[in-house]
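Visitor: There's a structure below that I have some questions on.
The values are calculated or read from the model by the stated rules, or taken from the named source; none is laboratory data. Just so it is clear, the model here is predicted, and its values are computed rather than measured. Here the Cβ is made from the backbone with ideal geometry for all residues, glycine too, and neighbour counts use every protein chain on show. Remember, those area values only see protein heavy atoms, side chains included, never the ligands or the DNA or RNA. Shrake-Rupley method; radii C 1.70, N 1.55, O 1.52, S 1.80 Å.
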Amino acid sequence: SVTRTPERLVGVRAPKAASLGDDVATLRANLTQAITKSCSPSLGKSRPQAATPSPEAPMDLAAAFEPYRRSYLAQQRDMELSIQPLRTRVRERLALTSPKLQKLAALDAAFDAILKERESKLLGTVPSLLEKRFGQLFTSHQQALLETGQADNPALWLQAGSWLGRFGNELQTMLLAELDLRLQPTLGLVEAFTRFNQEISKHP
């Protein structure tokens, strides 16, 4: 029939669906590895470090947090520069597959244009929220020292359960959650493409 002819022509391209899925999986793995590496306390100088307090003055929290802000912003840029081109490539592939998927690709492009600025603004507030959390954890750390009468030891800050170690874990959790959020539209497109090819395989 007229409606089945383009579907049959597209069916020979079915392996491309798996290829796009592999591209997304590879990108996710690479970005996850980069995030995990940046937040690992065992990587010494490659990890952002908070400034140590001076005996004569309290720690400047804004200055201490700045390396973490720069690191988070760098990870956000990496995600944007990596995921957006892949999303566009997947969208272009769908547009060449069938009229139905062409409409889906156009809809995704429209939503992307409408929501991109808002998403960017919302995600841009995350570093400021993390800075507040950074200050909260340090303040709680100082209060605990006062209550126990212990002296502070910056060398222990990165130990499991210590305030900076906890912050590093929370930072990693936030980055991984943002990665999942940014990948959702692309994963949805790939899923639609995969289902389409599965239907083509069932009805040659």
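Visitor: Among 18-27, 112-121, what's the highest-first ranking by average C-beta atoms within 10 angstrom per residue?
Guide: 18-27, 112-121
Visitor: Convert each backbone phi in the stretch 122-132 into a coupling constant with the Karplus relation 6.51 cos²θ - 1.76 cosθ + 1.60 (shift: θ = phi - 60°), then list the ³J(HN,Hα) values in order as whole Hz, x for Gly and Pro.
Guide: 5, 5, x, 7, 4, x, 5, 5, 5, 5, 5
Visitor: Could you give the size of the charge dipole of the stretch 61-198 about its Cα centre, using +1 on the Cβ of each K and R and -1 on the Cβ of each D and E, expressed in debye and rounded to the nearest 20?
Guide: About 620 debye.
Visitor: May I ask you to evaluate 6.51 cos²θ - 1.76 cosθ + 1.60, the Karplus curve with θ = phi - 60°, for each residue of the stretch 196-202 and list the ³J(HN,Hα) values in order in whole Hz, giving x for glycine and proline?
Guide: Each residue's phi maps through the Karplus curve to give 4, 5, 5, 5, 4, 5, 6 Hz.
Visitor: Now for a separate question. So how much accessible area does residue 59 have, in Å² to the nearest 10, using a 1.4 Å probe?
Guide: Here the residue's solvent-accessible area equals roughly 20 Å².
Visitor: First select every other residue whose beta carbon is under 11 angstrom from the beta carbon of residue 85; then total the charges, Lys and Arg +1, Asp and Glu -1.
Guide: With Lys, Arg at +1 and Asp, Glu at -1, the net is 0.
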